[in-house]
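The values are calculated or read from the model by the stated rules, or taken from the named source; none is laboratory data. This one's a predicted model, so the numbers in the text were calculated from it and none came from an experiment. Note that each Cβ is placed from the backbone with ideal geometry, even for glycine, and that neighbours are counted across all protein chains shown.
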Amino acid sequence: MTNNKPLIIDTVDKFNKMFGTETLHPMVSVIDMSKVNPMRHIRYTLGLYTIFLKEVKCGDLRYGRQYYDYQEGTLVCIAPGQTIGVEDNGETFQPKGWALAFHPDIIKGTSLGRHMNEYSFFSYEANEALHLSERERNMVVDCFEKIRHELEHAIDRHSKRLIAINIEMLLDYCLRFYERQFITRQNVNRDILSRFEILLNDYFTNDRTSREGFPTVRLCASELCLSPNYFGDLIKKETGKTAQEYIQLKIIDVAKERILDPSKTISQVAYELGFQYPQHFTRLFKKVVGQTPHEYRSTMV
């Protein structure tokens, strides 16, 4: 009988023991997965930042409506608190690729710790992973090996800073590669942007705002089957605006039309658009348009 309850992996030592490897540093681990013993599938909840470079040899990868040939490697970045893995079915398999795990405490007080929130890809879903070219894969592996080399050095007063610098370099490469991926997947991104626009139109046309409030970034991302961070980054790359700004501009565009209906008060328009308080609507409208709703109505009639 298999145990499907996820393991709690909240230390680097537990992470290493799961793969049967030696712990060289109490807060950081780099594992060449091809050198670990065959293992059974497992589900585990991580208390660590983790990056897996998964070797992919299964032909083209389907993403959205398009196929992409990224056979060299897939990079998955996972933040603490996530549960990953596959239910144990009794079978064994040989992992391939690389894994980096580091405890949040290793980056406290470092440049990386101060900028960690910039690496939004740690909150992407697995199907929003980074697909690397051969050249990019080699650069990532080189970063893994540099971190591993530092772990093999005796711990001294320089260790924490040097390890954090090398991890930060790897994450900066990931940022660059994700930006490249947003560009190379412009057809997919435009399809998502088009679906986002259709979603917003439907939201206002069917009066969902008066029942559910105005649409949030999280709600739109969920309805488009994307993580909020990936969705937000994609919209920013495609439009130059944040997803929140894009939604607000749509709200204002709809509001302008409704404000010019003389049968409606400004308060009615605000409530129809999902605002609990008309003054919040007035504040947003003036911020975007430069006029209050009343001023806009008077200048347009």
inquiry  = Can you tell me which of (1) in a helix (DSSP H, G or I); (2) touching a helix residue (DSSP H, G or I) at 6+ places or on another chain (Cβ under 8 Å) is the one R283 doesn't meet?
reply    = (2)
key: Test for E150: is it in a helix (DSSP H, G or I), within 24 Å of L249 (Cβ to Cβ) and not hydroxyl-bearing (S, T, Y)   = no
remark   = Among strands (runs of 3 or more DSSP E) entirely within the stretch 1-77, at least 3 residues that are at pLDDT 90 or above occur in 28-32, 49-54
note = The number of residues in the stretch 266-285 that are under 19 Å from Y246 (Cβ atoms) and either surrounded by 15 or more Cβ atoms within 10 Å (Cβ to Cβ) or among the acidic types (D, E) (or both) is 6
ask   = Which residues, counting only those in the stretch 147-176, are free of Cβ contacts under 8 Å to residues at least 24 places away in the same chain and either of a type in the set (A, V, I, L, M, F, W, C) or within 14 Å of I51 (Cβ to Cβ) (or both)?
value = A154, L162, N166, D172
query = What is the one condition in (1) surrounded by 12 or more Cβ atoms within 10 Å (Cβ to Cβ); (2) under 17 Å from the mean Cα position of the chain (by Cα) that I183 does not satisfy?
reply = (1)
note = Residue hits (the stretch 202-223; among the charged types (D, E, K, R) and loosely packed, with under 13 Cβ neighbours inside 10 Å) are D202, D207, R211, E212
inquiry  = Where the second residue is among the β-branched types (V, I, T) and in a helix (DSSP H, G or I) and the first is on the phi > 0 side of the Ramachandran plot and lies in the stretch 266-294, which pairs have Cβ atoms under 9 Å and are six or more apart or on separate chains?
reply    = G274/T209; G274/I251
query = For the subset of the stretch 34-54 comprising residues that are more than 26 Å from E128 (Cβ to Cβ) and of a type in the set (D, E, K, R), which member is surrounded by the fewest Cβ atoms within 10 Å (Cβ to Cβ)?
reply = K35
ask   = Checking L171 against (1) closer than 29 Å to H280 by Cβ; (2) modelled with pLDDT of 90 or more, which single condition isn't satisfied?
value = (1)
